[in-house]
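Down below is the structure, laid out as structure tokens.
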Amino acid sequence: MARRFVSCIAQVAACTLACAGGVWALISAPAASGAEIATAEVNVREIDRTYAADGVVEAVRQSTVAAQVPGRIVEVRVDAGRSVVRGQVLARIDEREAAQAVAASQAQRARAEADLANSRVNYERTLRLVEQKFVSEAALDKARADYKSARAQSEAARAGALQAGAAKSHTVITAPFSGVVSARLVQVGEMAAPGREVVTLYDPTRLRVVANIPQAKLAEVRAHAAGAAPLVELPSLDRWVKANGVTVLPSTDSRTHTTSVRVELPGDLKGAYPGMFARVHFPVGRTSKLLIPARALVYRSEVAGAYVVGDKGEIHFRQLRLGEPAGEQGVEVLAGITRGERVALDPVAALAQMKRGGR
């Protein structure tokens, strides 16, 4: 009964894979023990011929937030790896000195405004006295000069108060955009100074890969850039993604004679971050290769192979010599298997079936 239940589950899984379709035609091959294993046919397919260039992931928008005023750091609210939104408080600097500067500037502004009001009244009084011939024109000139001086001092005091208020607001350091904190560069209790770096942020939705292409390959890459987008391989994530765009920089390194190329990554790519190694596969033509699905491969130390399923359901392990990966299309096979043979897509299940059949 248990064996019949397992067989039914295998049939359902195989049918699901067959209905899903995709690049590979999937069928259920009966094994010697009666169970069924999903397989795929190894076949020759026409794919893009590519030129692979190593690169590094970098953020399109990255910023190192620095302090703008001096003071002791009293609070740091974020750490490396934290996500933040625009305007979120990152750190605080002791604002007591800035608050005293604001109070002093406000007092100076109040005094300047009082002097301005007094000078205006004195000027208007002198102007009436001159009209009545009670004072000389020289007295009027002095009153007018005092009034203009008081007005200038009032404007300077007002600007000073605004400057002090802005300096106080700079004691609260906020995020300039939404992103992820990649580095925390200060600790509570340290002294901040104008230009002192606090945290580094980057936008994870805007990433790109920068790769260097030799001048000998640049013309070939440019010729096929408009026809097909390059594929970006991220080995650490075990993923292949299609690039959103390619920008060839109009400059060449005089030492290495290579040109930098920026490859835009999709905005919904999860797990990627600046500094990660990547490999860009630029299409430079079309070619035919014998391909095998990547999930059918088994690696034993430095040996690569696959479980081949025969016409009667017999399973055996076959050592393979592999070529270049072809993204979602699979992996190139140079030797060890022929066109038309079928390989198990679940190596673990294939090994279990092979062991049971051997018994």
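Every read-out reported here was derived from the displayed coordinates using simple, explicitly stated rules and does not represent laboratory data. Remember, it's a predicted structure, so these values are computed and weren't measured experimentally. Glycine gets a Cβ as well: all are built from the backbone with ideal geometry, and neighbour counts include every protein chain shown.
Comparing G165, M191, V121 along the charge dipole axis of region 62-202, the residue lying farthest to the positive side is V121, per the Cβ-charge model.
Dipole check for region 208-286: with +1 at the C-beta of Lys and Arg, -1 at the C-beta of Asp and Glu, and the Cα centre as origin, the magnitude is about 60 Debye. Distance between the modelled labels on E113 and R356, one decimal in nanometres: 8.9 nm (7 Å Cα→Cβ projection).
Simple rule: put +1 on each Lys or Arg Cβ and -1 on each Asp or Glu Cβ in the chain, find the dipole, and look at V248, A99, T287; the Cα lying farthest toward the positive end is A99. Of the DSSP H helices in the chain, those with a Cα length along their own long axis of 18 Å or more and a mean Kyte-Doolittle hydropathy reaching 1.0 comprise 2-20.
So what's the net charge close to V284: Lys and Arg +1, Asp and Glu -1, counting the other residues with Cβ under 12 Å from its Cβ?
Every neighbour counted, the sum reads +2.
Under a model in which nothing but the beta-carbon of Lys, Arg (+1) and Asp, Glu (-1) is charged, the chain shows a dipole of about 340 debye around its Cα centre.
Which of the three applies to the chain, rounded, prolate or oblate, going by the alpha-carbon gyration tensor with a ≥ b ≥ c and a/c under 1.5 meaning rounded? Note, shape of the chain comes out prolate.
In this structure, H257 and R45 have a Cβ-Cβ separation that, at R0 = 30 Å, corresponds to a calculated FRET efficiency of about 0.30.
Positive end of the charge dipole of the chain (Lys, Arg +1 and Asp, Glu -1 on Cβ, about the Cα centre): tell me which of Q353, V333, L269 has its Cα farthest that way. Of the candidates, Q353 comes out farthest on the positive side. What is the Cα centroid distance between region 190-247 and region 81-139, reported in whole angstrom? First find each Cα centre; the distance between them is then 52 Å. Taking the Cα centre of region 62-202 as reference, the dipole from Cβ charges on Lys and Arg (+1) and Asp and Glu (-1) amounts to some 220 debye.
The helix-based estimate of mean residue ellipticity at 222 nm for the chain, built from -39,500 (n - 2.57) per DSSP H run of four or more residues and divided by its residue count, is -11000 deg cm²/dmol to the nearest 500.
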